[in-house]
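Enquirer: Structure below; questions to follow.
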Amino acid sequence: MELDTITDEHFRAGMQLIASTVTVITATCDGERSGMTATAVTSLSADPASMLICVNRSNRTHKFIMETRKFAVNLLTEDQQQIANNFAGQKSLDEKFLSEGDWKITESGLSVLNDGLAVFVCDVDQWMDTKTHTVFSGQIVACKLATNQSPLIYGKQAYLKAGPLENVA
């Protein structure tokens, strides 16, 4: 197998092959809320329960996370494509939070998707700036799971339905 030199085109095409669960990351600062669609989310540790998110430093949500050291990760169900689109687009914050989904406010002031697949509320314990993004490590302080639904997946520039999750072996 002969390997090609990496180009922007190769990078984008290759990254599109990594299918990921679609999330909305939310943060709140001084009573204002912010949110963004993201697939750069992963588990980090079970002890203590922690996860990583990657956020572009030019995004408003990044500023809120840096100021408050808190964020929520809302995993979307396969029926919540419009929520993903709303938070990925240029809609106003009111349109994002009011047009789709059952959004609730936690005791810490974070907006969480009550009808999502899962919600993880995190306190930032570490972060690292790299390239255009910041990688945040968040210790999970609260969660809510809905195990009776399937996740919304994104890959190859399209939303994909996983169907019921079942073991293949």
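Each value in this text was obtained by applying a stated rule to the coordinates, not by laboratory testing. Predicted, not measured: the structure shown is a model, and the values here were computed from it. Here the Cβ is made from the backbone with ideal geometry for all residues, glycine too, and neighbour counts use every protein chain on show.
Enquirer: Suppose every K and R has +1 on its Cβ and every D and E has -1 on its Cβ; what is the size of the dipole of the range 83-164 about the Cα centre, in Debye to the nearest 20?
Expert: Roughly 380 debye, rounded to the nearest 20.
Enquirer: Let me ask something else. Determine Rg/Rh for the range 80-169; Rg is computed over alpha-carbon atoms and Rh is the Kirkwood hydrodynamic estimate from the same atoms.
Expert: Taking Rh as the inverse mean 1/r over Cα pairs, Rg/Rh reads 0.99.
Enquirer: As a test of the definition: which semi-axes, in Å, follow for the chain when you take the square root of five times each eigenvalue of its alpha carbon gyration tensor? Largest first, please.
Expert: Values: eigenvalues 123, 83, 60 Å².
Equivalent-ellipsoid dimensions as semi-axes: 25, 20, 17 Å.
Enquirer: So, one more: Would you be so kind as to identify which of 3, 106, 66 lies farthest towards the positive end of the dipole of the chain, taking Lys and Arg as +1 and Asp and Glu as -1 on Cβ and the Cα centre as origin?
Expert: Farthest towards the positive pole: 66.
Enquirer: Explain nothing, just the number: relative contact order of the range 21-156, from Cα pairs under 8 Å at least 6 residues apart, as a whole percent. Numbers along the way, then the final one.
Expert: Values: 295 pairs, mean separation 42.4, N = 136.
Relative contact order of the range 21-156: 31 percent.
Enquirer: Of 38, 27, 46, which is the most mobile in a GNM of the chain whose springs link Cα atoms less than 10 angstrom apart?
Expert: 46
Enquirer: Report the charge-dipole magnitude of the range 25-169 in Debye, nearest 20, computed about the Cα centre from +1 at each Lys and Arg Cβ and -1 at each Asp and Glu Cβ.
Expert: The dipole magnitude comes to about 400 debye.
Enquirer: List the DSSP H helices in the chain whose Cα atoms stretch 15 Å or more along the helix axis and whose mean Kyte-Doolittle hydropathy is at least 1.0.
Expert: none
Enquirer: Report, in deg cm²/dmol and to the nearest 500, the calculated mean residue ellipticity at 222 nm for the chain, where each DSSP H run with n ≥ 4 adds -39500 (n - 2.57) and the sum is divided by the residue count. Write down the numbers at each step before the final one.
Expert: Details: 4 runs with 32 residues, N = 169.
For the chain, the value works out to -5000 deg cm²/dmol.
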